[in-house]
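J.: My questions will all concern the structure given below.
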Amino acid sequence: MIEAKNSSVSALEGLPQLLTYAYKNLEPKNLVWGLTTNGLNYWFVYLQQGNPPTYQLLPELNLIESERSLQLLQVLKAICKQ
């Protein structure tokens with residue numbers, strides 16, 4: 001699941017909407033991955049079934065800092081291989 005916002009808005013503003021979509025798709029699965037982005041900043045999230053369901057927000061990746069942009073590229077490549 002991906003939630004995208006305008007680059008002038010914080011990527012985290014998409015988190016509530018992303019969690020809502022992910023929660024609705026959690027029924028047949030135990031775990032759902034999501035991404036909220038504004039095109040510059042990327043936050044990966046996973047939501048896990050439980051009582052109550054829990055989610056974890058992974059560290060921010062972005063296109064500005066070279067180390068974080070390389071990490072983002074690695075994550076996206078790994079996703080493409082699956």
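J.: Counting only residues that are assigned to a loop (DSSP other than H, G, I, E, B) and out of contact with any Phe, Trp or Tyr (no Cβ under 9 Å at 6 or more places or on another chain), which one in the range 57-67 is surrounded by the most Cβ atoms within 10 Å (Cβ to Cβ)?
T.: First pass over the range 57-67, keeping only residues assigned to a loop (DSSP other than H, G, I, E, B): 58-60, 63-65.
Narrowing further to those that are out of contact with any Phe, Trp or Tyr (no Cβ under 9 Å at 6 or more places or on another chain): 64-65.
On the way: I64: 8, E65: 12.
Here the residue is E65.
J.: Then there is this: Which one of T54, T36 is β-branched (V, I, T), modelled with pLDDT of 90 or more and either touching a Ser or Thr at 6+ places or on another chain (Cβ under 9 Å) or surrounded by 12 or more Cβ atoms within 10 Å (Cβ to Cβ) (or both)? Write out each step before concluding.
T.: On the way: T54 fails: either touching a Ser or Thr at 6+ places or on another chain (Cβ under 9 Å) or surrounded by 12 or more Cβ atoms within 10 Å (Cβ to Cβ) (or both).
Just a single option satisfies the conditions, and that option is T36.
J.: Give the number of residues within the range 1-19 that are at pLDDT 90 or above and within 15 Å of Y46 (Cβ to Cβ).
T.: 3
J.: State all residues of the range 72-82 that are closer than 22 Å to L31 by Cα and either of a type in the set (S, T, N, Q) or surrounded by 10 or more Cβ atoms within 10 Å (Cβ to Cβ) (or both); if no residue qualifies, say none. Steps first, please.
T.: Here is the first cut: in the range 72-82, the residues closer than 22 Å to L31 by Cα are 72, 74-82.
Answer for the range 72-82, where residues must be closer than 22 Å to L31 by Cα and either of a type in the set (S, T, N, Q) or surrounded by 10 or more Cβ atoms within 10 Å (Cβ to Cβ) (or both): L72, Q74, V75, L76, I79, Q82.
J.: Additional query: For the range 24-54, name all the residues that are assigned to a loop (DSSP other than H, G, I, E, B) and either of a type in the set (D, E, K, R) or in contact (Cβ under 8 Å) with a residue 60 or more places away in the chain (or both).
T.: Restricting attention to the range 24-54, the residues satisfying the condition of being assigned to a loop (DSSP other than H, G, I, E, B) are 25-30, 38-40, 49-53.
Those that are assigned to a loop (DSSP other than H, G, I, E, B) and either of a type in the set (D, E, K, R) or in contact (Cβ under 8 Å) with a residue 60 or more places away in the chain (or both): E27, K29.
J.: Continuing with this model, one more query. Out of the range 1-20, which residues are surrounded by fewer than 17 Cβ atoms within 10 Å (Cβ to Cβ) and either of a type in the set (D, E, K, R) or assigned to a helix (DSSP H, G or I) (or both)? If you could, list the steps in order and put the result at the bottom.
T.: Of all residues in the range 1-20, those surrounded by fewer than 17 Cβ atoms within 10 Å (Cβ to Cβ) come to 2, 4, 6-10, 12-13, 16-17, 20.
Of everything in the range 1-20, those that are surrounded by fewer than 17 Cβ atoms within 10 Å (Cβ to Cβ) and either of a type in the set (D, E, K, R) or assigned to a helix (DSSP H, G or I) (or both) turn out to be L12, E13, P16, Q17, T20.
J.: OK, next. In the range 47-69, is there at least one residue being polar (S, T, N, Q), over 16 Å from I79 (Cβ atoms) and touching a Gly at 6+ places or on another chain (Cβ under 9 Å)? Reasoning before the result, please.
T.: We begin by selecting, within the range 47-69, every residue polar (S, T, N, Q); these are 48-49, 51, 54, 56, 62, 66, 69.
Narrowing further to those that are over 16 Å from I79 (Cβ atoms): 48-49, 51, 54, 56, 62, 66.
If we keep only those that are touching a Gly at 6+ places or on another chain (Cβ under 9 Å) as well, we get none.
Within the range 47-69, none of the residues are polar (S, T, N, Q), over 16 Å from I79 (Cβ atoms) and touching a Gly at 6+ places or on another chain (Cβ under 9 Å).
J.: Does at least one position in the range 54-64 carry a residue that is hydroxyl-bearing (S, T, Y) and within 20 Å of K5 (Cα to Cα)? Step through it out loud before you land on a result.
T.: Of all residues in the range 54-64, those hydroxyl-bearing (S, T, Y) come to 54-55.
Still in the running and within 20 Å of K5 (Cα to Cα): none.
So far as the range 54-64 goes, no, none of its residues is hydroxyl-bearing (S, T, Y) and within 20 Å of K5 (Cα to Cα).
The values are calculated or read from the model by the stated rules, or taken from the named source; none is laboratory data. These numbers were taken from a predicted model, which means no experiment stands behind them. When we count neighbours, we look across all protein chains shown, and the Cβ atoms used for this are built from the backbone with ideal geometry, even at glycine.
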